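Here is the structure we will look at, set down as structure tokens.
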Amino acid sequence: MTRPRQAAILGVTLLLLALSWLPTTQDFATEHTRQGLKRALATYAVARSLNAVISVAKGTELAAEPAGVGFTFAVGEALDPVDDVIEQFSSLMQVVLVAFGMQLLLVKLGAHWLPSLLLSLALVGVAAALLRGRPVSGVLLRLTAALLIVRFAVPVYVLGTELVYRGFLAEPYAAAQEGLGLSTREIERARAGQDAATTDPAAADQDAGWRRWLPAPLKGVQLPQLPDIAGLKQVADNGIERMVDLSVIFLLQTIVLPIAFFWLLSFSWKSVLSSTGRLGGGSMPGGPR
């Protein structure tokens, strides 16, 4: 075996040994997974706040008893479809939170000392066989490949998704998150304005002014201050558009990219099995014929 080949085998082995024990990969994967979890938590909190405000507005009713006959109009029911969409989005975000939590758990499991120890022993065994020019057992090669996947699959996946997020998703996420928060604040201000108008003495005096022109049976009718349902629905619809954008971003991070990554991982594993199967009957390249 030539010296450059020996140096390459030693270099790759030492690099993998260092990466398997150094906390750099774990720290990187843990930090960026937690950042994704925090983004998902922030989005979920805003969605629940918007859901609470819409639910309050949805319960608005107009009750009147002209001439002793009672009528109740559930004017806030116009917001019911919007409320349903927000609840479904909140359920989706719960799934996203679970996905990030499982990813964080897998990072910690892969960084445990036992996989690192087993991988180190397997790497030393493969390197020793190659340096001596002896055939490498197919079982040892499969075991080494499996341990490499256990130790490095999740950090590599996190690195890939982080690159995709920074390159393509960071700006759309920030814009959608800001738009969703703006919709929530606008609806809260509308509700606060309605409550202030209801308790305003000046508004009550103005109300008493026009009531004196009503027939006697209608003077006792109490008309509550109603929110601008149409305006609230428009603001909520804008918030739903931002929810759609956020759904695409988080589904891409937690569903689409993991499926693509593990499909690639499965393809690579099958290639390893095929290669070790062919090498099982003979020597590794550079070994005795």
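Find how much the distance from D84 to V164 grows on full extension, using 0.36 nm per residue of separation minus their present alpha carbon separation; answer in nm with one decimal. Present the calculation step by step, with values, prior to reporting the outcome.
Working: separation 80, 0.36 × 80 = 28.80 nm, distance 3.13 nm.
Here the segment from D84 to V164 would lengthen by 25.7 nm.
Pop a pseudo-label 7 angstrom from the Cα along the beta-carbon direction at both L22 and N238 and give the gap in nm to one decimal.
That separation, rounded to one decimal, is 4.9 nm.
Gain in length, S137 to K270, computed as 0.36 nm per residue apart minus the alpha-carbon separation, to one decimal in nm? Each step should come with its number before you reach the end.
Working: separation 133, 0.36 × 133 = 47.88 nm, distance 1.71 nm.
This chain segment gains 46.2 nm when fully extended.
Can you give me the distance in nm between label points at A174 and A153, each placed 7 Å from the Cα along the Cα-to-Cβ direction?
Calculated label separation equals 3.5 nm.
Given R₀ = 45 Å, FRET efficiency for V98-A128 by Cβ-Cβ distance, to 0.05?
Working: r = 43 Å, r/R0 = 0.96.
Result of the calculation: an efficiency of 0.55.
Hey, fewest Cβ within 10 Å first, where do S247, S183 land in order?
On the way: S247 17, S183 25.
In order of increasing Cβ crowding within 10 Å: S247, S183.
Read-outs throughout are calculated quantities, based only on the coordinates presented, and are distinct from any laboratory measurement. Not measured: the values here are computed from a predicted model. Virtual Cβ from ideal backbone geometry, glycine too; neighbours counted across all protein chains shown.
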